[in-house]
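Here's the structure we're looking at; comments come further down.
The values are calculated or read from the model by the stated rules, or taken from the named source; none is laboratory data. Quantities reported herein were computed from a predicted structural model and do not represent experimental measurements. Backbone-built Cβ (ideal geometry, glycine too); neighbour counts: all protein chains shown. These accessible areas exclude ligands, DNA and RNA; they are computed on the full protein's heavy atoms, side chains included. Shrake-Rupley method; radii C 1.70, N 1.55, O 1.52, S 1.80 Å.
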Amino acid sequence: MSIKILHTESSPGWGGQENRILNEALGIKKLGATVYILCQPESILAKKAKQLDIEAFTFPMGKTYDIKAIYYTMKLIKKLDIDIINTHSGKDSYIAGIAGKLSKKHPLIVRTRHLALPITSTFSYKYLADVVVTTSEYVKQYLIHKGIPEKKVFAIPTGIDLNIFNPKEVKGNLKNELGLSNEIPLVGTVAVLRKKKGHHILIEAIPHVLKKIPETVFVFVGDGPQRKNIEEKIKDYRLKNKVILLGHRNDVPQILKSIDLFVLPTLQEALGTSFIEAMAMEKAVIGSDVDGVREVIDDGVNGYLVPSEDSAALAERIIELLTDRKKAKIMGKQGRKKVERRYTMEIMCKEMYGLYRKNKNINQNS
């Protein structure tokens, strides 16, 4: 019989977390499972799921102990005969976790932790979840340190679709779009415009790069709450013609194909999917020596790790790889090989499916 899985997500927005949920749902469905999603009304995830023929249910999840939402989830578990609940954010982890515990069905409860942020409570991990999945070894070790039993925590990194991030198939037209010649060095970053992503550190590094390679242009892909502050900092540093804010784009593979180097001096990162996507497109990458980024970037092999918040060190590595294109190309090839070995959507889905099947009867005698 097909395993029936219900993913829950209380965040209405869209980011790497929601993208992983959708990709996993698609991949697990191909492996033979039946997959449903429960999320907030008007959520982007619900709209995208329906477009891809994943059945999505919506119900308001207003607070952690939302009685109406718990009752609705219990009814959904019974109606759909759910075997496994996979929760993803704070509110839905409590709502769906409690619903699962109260349900006569006793589904396996999996809690996926996507972030490297400190947790304020261990309750949903210790007492509601039967199994905890993290997107990196770093986050796994952090949760174990916080008292989550090691035997119930598994690291399954986020994977990407190599059919989409395929340097042999994607055409890079960004330089032409921006009116730049092919010889102009183009450095790119793809990330939500949040403080923790470190765009301000990159801006501080850019004048040092321009002293050595004055023709270099930088592009920031993404939008977010820091946009105005970033625009002001670009203005203060007189970089208006050197830093281009592209906003949200739906053609990230094309942009990554177009750039010569990927840089993201993030201050906090569970894993760093943006690095993985750039590596898949055979680009050398530079990131901060923090959290899960250390698992993705092998320093000196597929890119460089630089000390956190060190704009001078960041500039030095950017200059090195823009000057030595041969080294950057070799690093890019190494990056692609690493992604193929560890960070594909197929690997992620097979590991999640295996975990589901292995543990699905854990509550059978409850």
Quiz item: How large is the accessible surface per residue of region 263-366, computed with a 1.4 Å probe and reported in Å² as a whole number?
Solution: 43
Quiz item: If each of Leu245 and Lys104 carries a label point 7 Å out from its Cα toward its Cβ, how far apart are those two points in nm?
Solution: 5.6
Quiz item: If one takes the longest principal axis of the Cα atoms in the chain, at what angle in degrees, from 0 to 90 and to the nearest 10, does the Cα axis of helix 199-212 lie?
Solution: 20
Quiz item: If Lys and Arg each add +1 and Asp and Glu each add -1, what is the summed charge of the other residues whose beta carbon sits under 10 Å from the beta carbon of Gln40?
Solution: -2
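If the only charges are +1 at each Lys and Arg Cβ and -1 at each Asp and Glu Cβ, what is the size of the charge dipole of the chain around the Cα centre, to the nearest 20 debye?
Working: 58 positive and 41 negative charges, 175 e Å.
It works out to roughly 840 debye.
Under a 1.4 Å probe, what is the accessible area of region 54-94 per residue, stated in Å²? Walk me through the intermediate numbers first.
Values: 1990 Å² over 41 residues.
That works out to 49 Å² for each residue.
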Exercise. Any chance you could look up the accessible area of Lys197 with a 1.4 Å probe, heavy atoms only, rounded to 10 Å²?
Key: 40
Quiz item: Using a 1.4 angstrom probe and counting only protein chains, how large is the accessible area of Tyr71 in Å², to 10?
Solution: 140
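Classify region 20-168: rounded, prolate or oblate, from the alpha-carbon gyration tensor (a ≥ b ≥ c, eigenvalue square roots; a/c under 1.5 rounded; otherwise prolate if a/b is larger than b/c)? Write out the running numbers ahead of the final one.
Numbers: a/c = 1.65, a/b = 1.04, b/c = 1.58.
Verdict is oblate for region 20-168.
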Quiz item: Could you work out the helix-only [θ] at 222 nm for the chain, with each DSSP H run of four or more residues adding -39,500 (n - 2.57) and the total divided by the number of residues, to the nearest 500 deg cm²/dmol?
Solution: -12500 deg cm²/dmol
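Quote the convex hull volume per residue of region 308-359, based on C-alpha atoms, as a whole number of Å³. Could you put the intermediate results ahead of the total?
On the way: hull volume 5.1 nm³, N = 52.
So the per-residue hull volume is 98 Å³.
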Quiz item: How much accessible surface does Met352 have with a 1.4 Å probe, in Å² rounded to 10?
Solution: 0
Exercise. Averaging sequence separations of C-alpha pairs under 8 Å and six or more residues apart, then dividing by the length of region 102-143, give the relative contact order as a whole percent.
Key: 46
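Over region 169-321, what percent of the accessible surface lies on carbon and sulfur atoms, probe 1.4 Å? Write down the numbers at each step before the final one.
Numbers: 2820 of 6490 Å².
Whole-percent figure for carbon plus sulfur exposure: 43.
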Quiz prompt | Residue among Tyr304, Leu108, Tyr94 farthest towards the positive dipole end of the chain, charges placed on Cβ | solution = Leu108
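Working out 0.36 nm times the residue gap between Arg341 and Lys63, then minus their Cα-Cα distance, what length gain in nm do you get to one decimal?
Details: separation 278, 0.36 × 278 = 100.08 nm, distance 4.04 nm.
96.0 nm is the gain from fully extending Arg341 to Lys63.
Add +1 for every Lys or Arg and -1 for every Asp or Glu among the other residues with Cβ under 15 Å from the Cβ of Ser181, and state the total.
Details: positive: Lys175; negative: Glu177, Glu183, Glu215, Asp260.
Neighbourhood net charge equals -3.
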Quiz prompt | Of Gly159, Gly332, Gly32, the one that fluctuates the most in a GNM where the chain has Cα springs shorter than 10 Å | solution = Gly32
Self-check item: Calculated Rg and Dmax of the chain using C-alpha coordinates, Å
Solution: 21.5, 69
Quiz item: Any idea how far the Cα center of region 196-239 sits from the one of region 273-335, in Å?
Solution: 18
Quiz prompt | Helix axis angle, 227-236 relative to the chain longest principal axis, alpha carbon, degrees | solution = 20
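Averaging sequence separations of C-alpha pairs under 8 Å and six or more residues apart, then dividing by the length of region 1-45, give the relative contact order as a whole percent. Intermediate results must be reported in sequence, preceding the final value.
Working: 56 pairs, mean separation 26.8, N = 45.
In percent, rounded to a whole number, it is 60.
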Quiz prompt | Cα-based helix-to-principal-axis angle, 90-102 vs the chain, degrees rounded to 10 | solution = 20
Quiz item: Residues with beta-carbon under 12 Å from that of Val290, excluding Val290: net charge, scoring Lys, Arg +1 and Asp, Glu -1?
Solution: -3
